[in-house]
Structures are given as C-alpha cells and as structure tokens.
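Nothing in this text is a laboratory measurement; each read-out follows from the coordinates by a stated rule. Please read these numbers as outputs of a predicted model, since none were measured by experiment. Quick reminder, even Gly has a Cβ in these numbers, built from the backbone with ideal geometry, and neighbours come from all protein chains shown.
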Amino acid sequence: MRADRLLSLVLLLQARPDAAAPELADRLGVSVRTVLRDVESLSAAGIPVYTERGRYGGIRLLDTYRTGLANLSRAEGAGLAVGQSRLAGDLGLGDALDSAIEKIIGAGGQAVRGGLAQGRRHVIVDVDPWMRAGEPVPLLPLIHDGLLRGRLLELDYRDSDGARRPLTVAPAGLVAKAGTWYLVTAAPSLVRVSRVLACTVLPQPAALPAGFDLEAAWAGLRDRVEVRPRDLRVVVTAAPDAAAMTRRLLARHLRDDDGVSSTVRLAFAGVPHAVGSLLGLGTRVEVTDPPEVRTALRAEALAVAALYDGA
C-alpha cells in the first residue's frame with residue numbers, strides 16, 4: 001500500500017509541480033505529516049524531490065524527471081471510460097476521473113499538460129439537453145455497484161404515467177443518452193434511472209443471455225424508442241418570439257410543418273407524451289387541437305398551481 005502511495009505521490013507531483021503538502025495530503029487521503037515523511041523516503045531513494053519554503057513554496061520534482069507510468073487504479077480506469085466529468089460524478093467516480101487525469105498528465109509531462117489546458121480553453125462538452133438540467137440520480141452509484149457485482153436488482157420504480165411498481169431486473173449495462181441515464185436489463189429493456197425510487201442489490205446472481213452484447217442491445221432499444229408510433233397529431237400556436245425555439249426543441253415531433261408560421265404541427269405517442277413535452281414551454285405555446293390535450297394540460301397546470309397555492 002505504501003509503495004502505491006509513493007508512486008501516486010510522484011505522479012501527482014509531476015502533474016502539479018507546485019503542489020502544497022496539505023493539497024497532496026487531501027488527494028492521497030493521508031495526513032500532512034505522512035506526506036512529508038513520504039517526501040523524505042522518496043529523496044532517500046534517489047527521486048529528485050525537494051521542498052521550497054515561503055509563501056509560494058511547495059513540494060517539487062525536478063522538471064526533467066519522469067516515471068513513465070500512470071499506475072491507474074480500477075476506479076480511475078472506470079472514470080476514464082466514462083470520460084465526461086458530470087457523468088463520472090453521477091456514478092461516484094468524479095474524484096477518480098480527476099486523479100486519473102492528473103496521473104496521466106504527470107506521466108506525459110509538459111506536452112500533455114499543455115494539450116489538456118488548451119483543450120479545456122477551447123472545447124466544452126455539455127451533456128445536458130437544452131431547457132433541461134441533468135436529472136438527479138442519487139441511486140445510480142448503488143445500481144452501478146450491483147451491475148459490476150453481477151447481482152439482481154430489486155427496484156421501486158415510477159413509470160412514465162406516474163404509477164409505482166416493483167421490478168426485479170438483471171442489470172446488463174448503463175447508458176447515458178443526452179444526459180439521461182438508462183439501465184439496460186437482460187430482457188432487454190430500458191429502465192430510466194431517475195425514476196428509480198429505491199434499489200436493493202440482491203444476493204442472487206444476474207444471469208445474462210449467452211453472447212449478450214450491450215451495444216447491440218442498446219441499438220435495438222434505441223431504435224424501438226425512436227421509431228415508436230406517434231399517431232396523436234397536435235397543433236399549437238406559438239408566441240411570435242417562441243416559434244423558432246419551439247421548432248428547435250420539438251424537432252423530432254414536427255409533422256407537416258411549414259417551418260415559418262406561428263402554427264406548429266406536431267405528433268406524439270399519446271396524450272401523456274404530449275403533455276410532458278409541452279408543459280415545460282408554459283405560456284409560450286397554446287394547444288389549439290385536439291381538445292383532449294388542452295384538457296389534460298389544463299388539469300396538469302391546475303395541479304401544479306394547487307401544489308404552490310399559498311406559497
């Protein structure tokens with residue numbers, strides 16, 4: 001364990017050439033005294049590490065020293081596989097991803113450090129869709145743990161109609177699609193993680209079909225969702241300054257639309273689907289047809305108003 005910590009300390013020093021002892025102690029999960037003892041041990045072993053006193057002091061390695069190793073942990077490797085910081089954070093791997101990047105920078109030297117800094121200045125990866133923040137998924141780390149352990153999951157699940165029901169599933173994989181997490185089961189089927197209200201990892205193993213391929217299963221499930229029938233035609237009138245935004249946000253629902261007028265023609269899989277998609281636009285759009293969607297939207301709006309009545 002101490003040897004692993006010493007190597008991690010060297011890699012952190014390569015990634016952060018002016019790191020202070022308290023910062024290193026926090027990254028390694030040890031005390032400042034332990035970090036200073038480790039620095040002495042590294043120096044005695046011939047590693048060119050030294051301390052600088054004063055306001056801008058810290059623990060430093062000679063710039064020319066390189067280990068040539070990244071020495072990533074299992075969690076750090078999993079964090080790199082996810083790659084995006086917000087998604088890694090959802091899985092409880094945010095710190096692991098940060099430390100993996102620091103180790104790679106340390107092993108790669110100035111060129112890698114400069115490339116990463118340049119990339120962060122010029123490229124932002126935002127996984128959340130427009131007009132919607134990322135969904136809270138507090139149970140995702142537990143679900144991920146059950147998946148990695150190959151155990152059945154017992155879920156308290158709320159479906160798209162708001163009904164709660166118990167599910168026992170064999171987890172096969174996790175997919176982050178446009179910032180939304182889905183659990184792919186062995187069936188195969190999709191479970192939206194944000195709708196899981198409770199999760200218990202059972203002792204029974206989760207059996208997967210022979211030759212199960214997560215990418216192929218996801219492709220089939222995705223196609224099934226994307227091409228599901230949308231037979232309910234809905235006509236809305238958008239405010240003059242909201243027509244373009246409405247078309248952009250609901251692009252996949254557009255049907256027989258002229259693309260320019262305030263009248264926008266859409267298609268949905270049903271009334272709940274339409275209400276869920278349109279309610280967030282508030283007063284920017286008004287449904288003119290069919291009447292059942294108007295009625296359902298009014299009922300939902302009244303329920304929201306009642307919830308906040310007197311607030």
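Over all distinct Cα-Cα pairs of the chain, the Kirkwood formula returns a hydrodynamic radius of 23.8 Å. Of the DSSP H helices in the chain, those with a Cα length along their own long axis of 15 Å or more and a mean Kyte-Doolittle hydropathy reaching -1.0 comprise 2-15, 32-44, 94-108, 214-226, 291-307.
Each of Leu9, Leu152, Leu91 was scored by other Cβ atoms within 10 Å of its Cβ. Listed from fewest to most, they are Leu152, Leu91, Leu9. Sorting the segments 160-170, 281-291 by their mean number of nearby beta carbons within 10 angstrom, highest to lowest, gives 281-291, 160-170. Among Arg248, Arg158, the ranking by other beta carbons within 10 Å of each residue's beta carbon, starting with the fewest, stands as Arg248, Arg158. Seen from Val175, the other residues with C-beta closer than 10 Å to its C-beta sum to a net charge of +1, counting Lys and Arg as +1 and Asp and Glu as -1. With the Cα gyration tensor of segment 140-226 giving a ≥ b ≥ c as the square roots of its eigenvalues, does the rule (a/c under 1.5 for rounded; else a/b larger than b/c for prolate; else oblate) give rounded, prolate or oblate? In terms of gyration-tensor shape, oblate. Per residue, the convex hull spanned by the Cα atoms of segment 161-311 measures out at 153 cubic angstrom. About its Cα centre, the dipole of the chain is roughly 420 debye, where the only charges are +1 on Lys and Arg Cβ and -1 on Asp and Glu Cβ. Taking other Cβ atoms within 10 Å as a rough exposure proxy, Tyr182, Tyr308 sort from fewest to most as Tyr308, Tyr182.
Highest mean packing comes first when the peptides 119-129, 18-28 are listed by Cβ atoms within 10 Å, giving 18-28, 119-129.
Distances between every pair of Cα atoms in segment 199-248, grouped in 10 Å steps from 0 to the bin holding the largest one, split as 16, 21, 26, 17, 15, 5 percent. Packing, as the average of other Cβ atoms within 10 Å across residues, places the peptides 255-263, 32-40 in the order 32-40, 255-263, highest first.
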